[in-house]
């Protein structure tokens, strides 16, 4: 399996090369040259693998999916990495991602049972093990530069802390995460973890990561890698739980399901797009946004219009306070028939000069829904409160603010006979202030996180300046 850039760079690379690289040399994102096809026989076999009854069912399914995309890691080693990652000890349940039924044919897929209580753990735990494995095999080190709007940071840091050959430099928007999210990250004292709070919004953090990645001399000299979902390995790991959700919600491989995904950076739902392209019987992929509705606007109108920092709303579902959806480029690449030159013109030129592009009048835009199954919707703070309250009163299930965005929008697209699965994004404790506002009570807190907000914190506040971040990396990592 070889990988190409969404912007047309002629090089083709293997999995372990792009695992450590992040962005392509031309600023594009990597995708496989083709999506492996899963036929009915394979789907039926995978259902048996997942439903084998053993605690390793999810790990075995992960190995099956990843094997289609990774051929430069020996199969025995890849299987061992999956078995090491997806365990009941780490995720608290043998099912790893159990479904919670709300109504007939309406489910939550529990993705937040990992170490940091957010769905990012599902991929980040594997990514940490892949990094450690490949770096040891090469005898190299890697300096990870990442950006987080809330959950990616803690998931990455918990996955990488103590890993040999890995340092993490994590950028977050200063003061814009929940107190719990900040405490999870900033209380880590491991020497290989560096937290940098950027005076700006998430998009400023993400821009710095891309700027550094596009500085090829610096990137190569300081061995810069990424854990954001621009890293294909992380998105690939997320594909697995779409198959796992499907197998739990259906009894026949002829059935179709729909998924609703709370989305800001488009990585989580892009994994669903990949699963659908592989042949998973997905009827509809519902993109649920909050007040930062750049994605909803595109799927309604064909206009992709990024917002300036001042126009990015600070909301009660802060992990989705994003107005530049990095992974959206991967879908547009497929939507435009994998025309790298056209993608480069849109994402490399039009967005820089005009801050927008428009595909509504292009015949391919209709295919976003008709061929690729995408629809969208928007949820507001008032909607979140009402949905959290309604879900708790009707089902005695407490959901976090981002999952509430998903549940609200999912109800707009229910179809008779087609199960709807909403991807849970985090546990409610991460956004306790809004839960208290909605329900008048504190959410449950795992004992290991008692008083985490009171722990000492280690974080550097810095301006939204790429050069300043590079200087910090040089200061703490003199390896060039």
Residue 461 meets each of (1) in contact with a strand residue (DSSP E or B) (Cβ under 6 Å, 6 or more places away or on another chain); (2) buried (at least 17 other Cβ atoms within 10 Å of the Cβ) with one exception, condition (2)
Please go through the range 151-176 and give me each residue that is buried (at least 24 other Cβ atoms within 10 Å of the Cβ), outside any strand (DSSP E or B) and in contact with a strand residue (DSSP E or B) (Cβ under 8 Å, 6 or more places away or on another chain), ordered by number. 151, 152, 153, 154, 155, 156, 157, 160
Can you tell me which residues in the range 363-397 are in contact with a helix residue (DSSP H, G or I) (Cβ under 9 Å, 6 or more places away or on another chain), farther than 30 Å from residue 427 by Cβ and either surrounded by fewer than 19 Cβ atoms within 10 Å (Cβ to Cβ) or at pLDDT below 95 (or both)? 364, 365, 367, 369, 371, 372
When the residues of the range 11-27 are narrowed to those that are in contact (Cβ under 8 Å) with a residue 24 or more places away in the chain and in a loop (DSSP other than H, G, I, E, B), which ends up farthest from residue 208 (Cα to Cα)? 14
Scanning the range 16-31 for residues that are closer than 19 Å to residue 74 by Cα and in contact with a strand residue (DSSP E or B) (Cβ under 7 Å, 6 or more places away or on another chain), which turns out surrounded by the most Cβ atoms within 10 Å (Cβ to Cβ)? 18
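Restricting to helices (runs of 4 or more DSSP H) lying wholly in the range 189-308: which have 1 or more residues that are surrounded by 24 or more Cβ atoms within 10 Å (Cβ to Cβ)?
Details: elements: 202-214, 216-221, 232-249, 267-278, 294-301.
Those helices (runs of 4 or more DSSP H) span 202-214, 232-249, 267-278, 294-301.
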All positions within the range 72-94 that are assigned to a loop (DSSP other than H, G, I, E, B), modelled with pLDDT of 95 or more and exposed (fewer than 14 other Cβ atoms within 10 Å of the Cβ): 72, 74
If you go through the range 104-125 one residue at a time, do you hit one that is out of contact with any strand residue (DSSP E or B) (no Cβ under 8 Å at 6 or more places or on another chain) and without any contact (Cβ under 8 Å) to a residue 12 or more places away in the chain? yes
Among residues of the range 455-480 being outside any loop (DSSP other than H, G, I, E, B) and without any contact (Cβ under 8 Å) to a residue 40 or more places away in the chain, the residue farthest from residue 267 (Cα to Cα) is 475
Selection from the range 257-286 of residues that are modelled with pLDDT of 95 or more and over 24 Å from residue 69 (Cβ atoms): 258, 260, 262, 283, 284, 286
Those residues that are surrounded by fewer than 17 Cβ atoms within 10 Å (Cβ to Cβ) and part of a loop (DSSP other than H, G, I, E, B), I need them from the range 32-43; list them, please. 33, 34, 36, 37, 39
Kindly indicate whether any position in the range 336-344 is at pLDDT 95 or above and on the phi > 0 side of the Ramachandran plot. yes
Looking at 422, 409, which one is surrounded by 18 or more Cβ atoms within 10 Å (Cβ to Cβ), modelled with pLDDT of 95 or more and not in a helix (DSSP H, G or I)? 422
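The values are calculated or read from the model by the stated rules, or taken from the named source; none is laboratory data. Note that this is a predicted model, so its numbers are computed, not measured. Glycine gets a Cβ as well: all are built from the backbone with ideal geometry, and neighbour counts include every protein chain shown.
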